[in-house]
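This report refers to the structure that appears directly beneath it.
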Amino acid sequence: VANAGHPLPVLVSDGDADHVPMAVGPPLGVGASSYDAATFTMPPGSTLIAYTDGLVERRDEDIDTGMARLRDAARRHGDAAVSDLLTSLLDALRRDGAADDIALLALRRVPTELG
């Protein structure tokens, strides 16, 4: 994956949630840019959550507080169906009258059965 200016994605796996370390490149559209790709393994059953800063940023607090709030909510709801997870995260983190837009995307690696 490569990151074009967004906050670090969150990987939810085995009841835990943490940000995936990677380089953050410039936003798309700011001119000629290059991006460093990061590689990581998503264990079966894990979920990767990508989002815009509007989900975690608040004018009256440090962004790290919002990112911690997202990790906590992802831990609590991480086992839910993806559509329910997204709804739960929005309900837990969205504030009425927020000035910034919010985009939220989840990708789950479905376990496969051998047989």
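Annotations
- Figure legend. Inter-residue proximity from segment 11-31: first residues among the polar types (S, T, N, Q), second residues open to solvent by less than 70 Å² (accessible area, probe 1.4 Å), beta-carbon distance below 9 Å, spacing 6+ or different chains. Indicated pairs: Ser13/Met42; Ser13/Pro43; Ser13/Gly45; Ser13/Ser46; Ser13/Thr47; Ser13/Gly78.
- The set of residues in segment 61-75 being among the charged types (D, E, K, R) and closer than 14 Å to Ala92 by Cα consists of Arg69, Arg71, Asp72, Arg75.
- Extreme residue, farthest from Leu11 (Cα to Cα), among residues of segment 44-71 that are acidic (Asp, Glu) and in contact (Cβ under 8 Å) with a residue 12 or more places away in the chain: Glu57
- Every residue from segment 64-76 that is in contact with a helix residue (DSSP H, G or I) (Cβ under 9 Å, 6 or more places away or on another chain) and open to solvent by 60 Å² or more (accessible area, probe 1.4 Å): Arg69, Asp72, Arg76
- The one condition in (1) within 15 Å of the chain's Cα centre (by Cα); (2) surrounded by 13 or more Cβ atoms within 10 Å (Cβ to Cβ) that Ala80 fails to fulfil: (1)
- Some residue of segment 31-45 being under 13 Å from the mean Cα position of the chain (by Cα) and of a type in the set (Gly, Ala, Ser): no
- Whichever residue in segment 1-60 is polar (S, T, N, Q) and under 17 Å from Leu90 (Cα atoms) and, among such residues, is surrounded by the fewest Cβ atoms within 10 Å (Cβ to Cβ): Thr52
- Condition met for Thr41 (at negative phi and touching a residue at least 24 places away in the same chain (Cβ under 8 Å)): no
The values are calculated or read from the model by the stated rules, or taken from the named source; none is laboratory data. Note that the structure is a prediction, hence the values are computed from the model and not measured. Cβ sites come from the backbone with ideal geometry, for glycine too, and all protein chains shown count toward neighbours. Surface accessibility is based on the protein's heavy atoms, side chains included, excluding ligands, DNA and RNA. Shrake-Rupley method; radii C 1.70, N 1.55, O 1.52, S 1.80 Å.
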